[in-house]
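Working notes, structure below.
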Amino acid sequence: MEAIFHPTRAFLKELVGTDCYNALFVKGGLASLSPTCYSIAASKFTSLAILGVCSVLKVPQIAAINKSRSVDGLSLASYLIEVLCFSVMVAYHLKQGTQFSVYGEVVLLLIQDAIIMYLWAGIKKSSRVFFKYAILDILLAALLVSPLVNNTFMATLSSATLPINIVGGFVQIAGIYNQGHTGELSPLMVLIGWLTGLARLLTLALDGVSDYVIVVGSLTGVLLSTVLMSQLFIFRDATNKFKLAKNKLADVADKVTTPKKTAKTKKEL
């Protein structure tokens, strides 16, 4: 039993701190907890919930792309910028020794973005370009984490990701506006991302995080998600019409190709 309880105790102490752990499990239970311990517990458990949600945040988008075999409404430039910024942010947090609970969702989102980019490359038949970009991104991240890059430069580079990420978000927003529809953009993903962003702001407030790179980045993400949500509502009718017209064209294409296939089969027989 000790083999089970020991790692559990170690995890709880790491999660809420030794003082709060002792107050809860050694001294006298919930009655002995201070307001600080409640804040710490709320922050940590919310962070764990965010990590859990982020592990599947972009699964609805991945499923939508895989089902429709289309990336209509999605901005390739926006995803490329996001992958680049996420890579720099992960390297920044590793350099700073930040707790994984603070930036863990960035790692999970980066992995899911990579999956989306892979599907994109498959649909557009440009897998070589995808793998070249992936290799360059990995090499860049390895360089940033290495001793060759000092913390001062890393902090400056991380600050630069804020305006770059904002530009990437506006590229997606502008693309939707110009097209007049949201295409295959997943409403569920945008909604969950917005709620997750609000939860992250809550944990930053509870933890008293003052690093403006983290705070402003999280706030910007919420604002951009809010705009995307409004576009999903504004362009909902146009998006339905676009998908209906696209399905009709696909049906016509199938009817045209089917007789050709049938004739070819008869000729072979």
Condition broken by residue 45, with the remaining ones in (1) in contact (Cβ under 8 Å) with a residue 40 or more places away in the chain; (2) closer than 22 Å to residue 198 by Cα; (3) of a type outside the set (Ser, Thr, Tyr) satisfied: (1)
- prompt: Pick from the range 185-197 the residues that are outside any loop (DSSP other than H, G, I, E, B) and of a type in the set (Gly, Ala, Ser): which of them is nearest to residue 70 (Cα to Cα)?
  reply: 193
- request: Residue by residue through the range 138-170, note down the ones that are over 20 Å from the mean Cα position of the chain (by Cα) and not aliphatic (A, V, I, L, M).
  value: 146, 147, 150, 151, 152, 153, 156
query: Picking from 220, 161, 182, which residue would you name as being buried (at least 16 other Cβ atoms within 10 Å of the Cβ) and not in a helix (DSSP H, G or I)?
result: 182
message: Take the residues in the range 118-137 that are assigned to a helix (DSSP H, G or I) and in contact (Cβ under 8 Å) with a residue 24 or more places away in the chain; name whichever of them is farthest from the chain's Cα centre (by Cα).
response: 123
task: Could you identify the single residue in 234, 214 that is of a type in the set (Val, Ile, Thr), on the phi < 0 side of the Ramachandran plot and surrounded by fewer than 17 Cβ atoms within 10 Å (Cβ to Cβ)?
output: 234
statement: Scanning the range 72-107 residue by residue, the ones that are acidic (Asp, Glu) and crowded, with 19+ Cβ neighbours inside 10 Å total 2
message: Please count how many residues of the range 50-74 are touching a residue at least 24 places away in the same chain (Cβ under 8 Å) and more than 15 Å from the chain's Cα centre (by Cα).
response: 9
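Since every read-out is calculated from the coordinates, none of them should be taken as a lab result. Since this is a predicted model, take the numbers as computed values, not measurements. Note that each Cβ is placed from the backbone with ideal geometry, even for glycine, and that neighbours are counted across all protein chains shown.
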